[in-house]
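Notes to accompany the following structure.
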Amino acid sequence: MMKQSHELRWGGLAGVGAILFAIIGRLVMGSAPQITDSAMTISGYLAERRAQVLAAALLYAVATALFLWFGVALATAFRRADETSDAPALVLAGYVVLAAVGFIGISVFAGMTYAITTHRPLLAIAAGPYTALTVMDAITGIAMAVPFGASAAAIMRTHVFPLWMAWLAIVVAVVGVLGAFTVVNTGGALVPGGPVPAIVLGVLTALWVLAASWFLIREHLPIPAVGARPAMGH
């Protein structure tokens, strides 16, 4: 039995929107300093690009809300395919955690920028919270392993998406966990927030979300009869 599920389509569109808003936010921020840069470089960046940083924070907040919407739709698709599995609940819980941590990090970063650029004497200590938030973002990579690992398990069990998406989800989860361990480094390209871990994880995550969004937008997810398993995108 086939049934059109328009809420899944909107969830897919939300996933595409999340990636677009995140990319625009990153472009608006420009070339952000690394945590290994001098305190003067970090404070100077925040002071000179105050408006851009706050605008980027708003864009990231919108992206996070859309990312959560996408995660809810994804969990719904998995639950409809297999109501006996715990994977859909893990997917949903993982996206809720990521969104919550994302909102906290974005809000604190925007609040810090607003405070230290309004009260200029605070610029002297800007490198401290800037570094702390960057490390926090890196450690969040471990939390990413929950929804992506659960998505991989759900795909392998139900074949809701093509099998290659399960393996890509596993890669994203592994890269996220490895990125968290950059906190042991204090120099080089593999520091928290460094170009290598940030770009690799960001690109892989974006590719996976866009691919999953495409299948959700196509609305090729059947609601199976009892004991049947659907196939999406085949």
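The values are calculated or read from the model by the stated rules, or taken from the named source; none is laboratory data. Here the structure is a predicted model, which means the values were calculated and not measured. Note: ideal-geometry Cβ built from the backbone for every residue, glycine included; neighbour counts use all protein chains shown. The area values use the complete protein model at the heavy-atom level, side chains included, leaving out ligands, DNA and RNA. Shrake-Rupley method; radii C 1.70, N 1.55, O 1.52, S 1.80 Å.
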Original post:
Which distance in nm do the two modelled labels at Arg50 and Arg120 give, with both placed 7 Å along the Cα-to-Cβ direction?
Top reply: 1.0
**OP:** Lys and Arg at +1, Asp and Glu at -1: add these up for the other residues within a Cβ distance under 10 Å of Ala32 and post the number.
**Re:** +1
**OP:** Sorted from largest down, give the three principal axis spans of the alpha carbons of region 145-226, whole angstrom values.
**Re:** 55, 21, 15
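Could you work out what % of the accessible surface of the chain is carbon and sulfur, using a 1.4 angstrom probe and leaving DNA, RNA and ligands out of the count? Kindly include the intermediate steps, with their values, before the conclusion.
Details: 8220 of 11300 Å².
Heavy-atom surface of the chain belonging to carbon and sulfur, 1.4 Å probe: 73 percent.
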Original post:
Using a Förster distance of 25 Å, how high is the FRET efficiency between Ala189 and Val108, based on the Cβ-Cβ distance and rounded to 0.05?
Top reply: 0.45
Subject >> Two-decimal log10 I(q)/I(0) for the chain, as the Debye equation yields it once each C-alpha is a single scatterer, q = 0.08, 0.09, 0.11, 0.18 Å⁻¹ >> reply: -0.33, -0.41, -0.58, -1.26
Subject >> region 173-212: mean projected area of Cα convex hull, nm² >> reply: 2.6
Original post:
Angle, helix 50-81 long axis vs. longest principal axis of the chain, Cα atoms, 0 to 90°, nearest 10?
Top reply: 20
Subject >> Centre separation in Å (Cα based) which lies between region 146-204 and region 39-97 >> reply: 15
**OP:** Name the residue, out of Ser213, Ser38, Ser151, whose mean-square fluctuation peaks in a Gaussian network model built on the chain with Cα pairs under 10 Å.
**Re:** Ser38
Subject >> Accessible surface, per residue, of region 86-223 when the full set of protein chains is kept, probe 1.4 Å, Å² >> reply: 45
**OP:** Compute the acute angle (0 to 90°) between the alpha-carbon long axis of helix 6-29 and the principal axis of greatest extent of the alpha-carbon atoms of the chain; round to the nearest 10°.
**Re:** 20
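Multiply the residue gap between Trp10 and Leu210 by 0.36 nm, knock off their C-alpha separation, and tell me the result in nm, one decimal place.
Numbers: separation 200, 0.36 × 200 = 72.00 nm, distance 1.32 nm.
Gain on extension, Trp10 to Leu210, equals 70.7 nm.
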Original post:
Taking all pairs of different Cα atoms in region 44-122, averaging 1/r and flipping that mean, what Kirkwood radius in angstroms comes out?
Top reply: 14.3
Original post:
With every protein chain present, what accessible area does Trp214 have (1.4 Å probe, heavy atoms only), rounded to the nearest 10 Å²?
Top reply: 140
Subject >> Cut-off 11 Å, label 7 Å out along Cα→Cβ of Arg26, residues of region 182-207 by amide N >> reply: 195-207
**OP:** Would you kindly calculate the translational diffusion coefficient of region 119-176, applying Stokes-Einstein with the Kirkwood radius from alpha carbon pairs, for 37 °C and a viscosity of 0.692 mPa s, and quote it in µm² s⁻¹ without decimals?
**Re:** 245
Subject >> Within region 34-74: backbone nitrogen closer than 20 Å to the Val200 label point (7 Å, Cα to C-beta) >> reply: 34-36
